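The values are calculated or read from the model by the stated rules, or taken from the named source; none is laboratory data. Please read all numbers here as calculations on a predicted model, not as lab measurements. As a convention, Cβ positions derive from the backbone with ideal geometry for all residues, glycine included, and neighbour counts pool all protein chains shown. Accessible surface areas use protein heavy atoms only, side chains included; no ligands, DNA or RNA. Shrake-Rupley method; radii C 1.70, N 1.55, O 1.52, S 1.80 Å.
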Amino acid sequence: MIGRSSRGGSAALWSGLSLCALALTGLVVGTPPDPTVSSTGAEPERTGAVAQAAHCPPGTEPVSESTAAMRVADPGVGAEGEVEVTPEQAAEYEERLREALGPSRDRQIAPPYTVPVVVHVISAEDGSGNVTDARVREQIDVMNRAYRGDYAQGSEGTDTGFRFELSDVTRSVNDDWFHRFRQYDDTIRSQLRQGGPETLNIYTADLGSGLLGYSTFPQDYRAAPERDGVAIAHDTLPGGDRDRFNEGHTGTHEVGHWLGLFHTFQNGCESPGDYVDDTPYEREAASGCPVGRDTCPDRPGKDPVTNFMNYSDDACMTHFTQGQAVRMAEHWTAFRGGSARA
């Protein structure tokens, strides 16, 4: 399971993850990103393994846990607090993708795909988290715009071909489920989840101050279909109260994981990065809206700060790349909408 691929900030979640950002004077919070920030130019051949946490480049300073925003990876296979997909796990997911595609690799795989969406609104008895139908619809609209490329500036983004159609909204009033979602995660999903691998189930609840959302990978469906789906903090939906993260892009980001994407900073500056050729390498996650950030100066291109699979503020997230669109289509064919599922 992978989380924003969550966004959070507890000491446990941040263990072992080195984050750097521009000094406070260089952070642009709540304003559109600089269109000159590059999202192309990564070198095409990516092979090898892992980058460990490293130093901050000149002109940057470490981001404190209280200000850093995290969309964490939570593969759901390790000890409490293990929240990032390891290089070994990423390589395993990649191998399973290639095996599952099989003969499909020899033909063109292309969208469009319309994904049915079921949103499960979980709220407390005092009304906390009772997200309105209007905000649910706005979340779906944000996702459609993001995957259509509407937020992209200039030629930086692409239309992925994916569209999302709201098919149902369920509502559960339960204090335990709302305030301790992760503790009751298995019970909640077993009782509420609808559809097969092609149906996106989104759960909204209070995930705690340190977590914005998390998602399963397509490769996980066969072993645990009842677990498949995305959980997002209720206050990250459009119009929510989560400062810097209330424009709906936690949903955009987590659905990217649900469709098979890793974070842009997967494997740091080392090959194979995030397994996408047109996203530049990035040593560690971005926080805020840094301009001109380049944490892998020996690799082509600036950091993909404005990519939806980073940890940047909602205000600066603008696009997916063509390579990411292809990768999502491959995962859909292999595990969600095609005949080759593993």
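General remarks:
- Residue within the stretch 271-284 that is within 23 Å of residue 139 (Cα to Cα) and in a loop (DSSP other than H, G, I, E, B) present: no
- The strands (runs of 3 or more DSSP E) falling completely within the stretch 177-261 that include 2 or more residues that are open to solvent by less than 10 Å² (accessible area, probe 1.4 Å) and either aromatic (Phe, Trp, Tyr) or farther than 17 Å from residue 130 by Cα (or both) map to 200-205, 213-215.
- Assessment of the stretch 156-171 against the conditions (open to solvent by 60 Å² or more (accessible area, probe 1.4 Å), within 26 Å of residue 309 (Cα to Cα) and not in a strand (DSSP E or B)) yields at least one matching residue.
- Note on the stretch 113-152: residues that are open to solvent by 60 Å² or more (accessible area, probe 1.4 Å) and either modelled with pLDDT of 95 or more or not in a strand (DSSP E or B) (or both) amount to 11.
- Pick from the stretch 295-310, criterion more than 17 Å from residue 156 (Cα to Cα) and of a type outside the set (Ser, Thr, Tyr), ranking: surrounded by the most Cβ atoms within 10 Å (Cβ to Cβ): 296
- Hits in the stretch 269-284 (condition: open to solvent by less than 10 Å² (accessible area, probe 1.4 Å) and among the acidic types (Asp, Glu)): 274, 282, 284
- So residue 255, is it at pLDDT 95 or above and under 24 Å from residue 198 (Cβ atoms): yes
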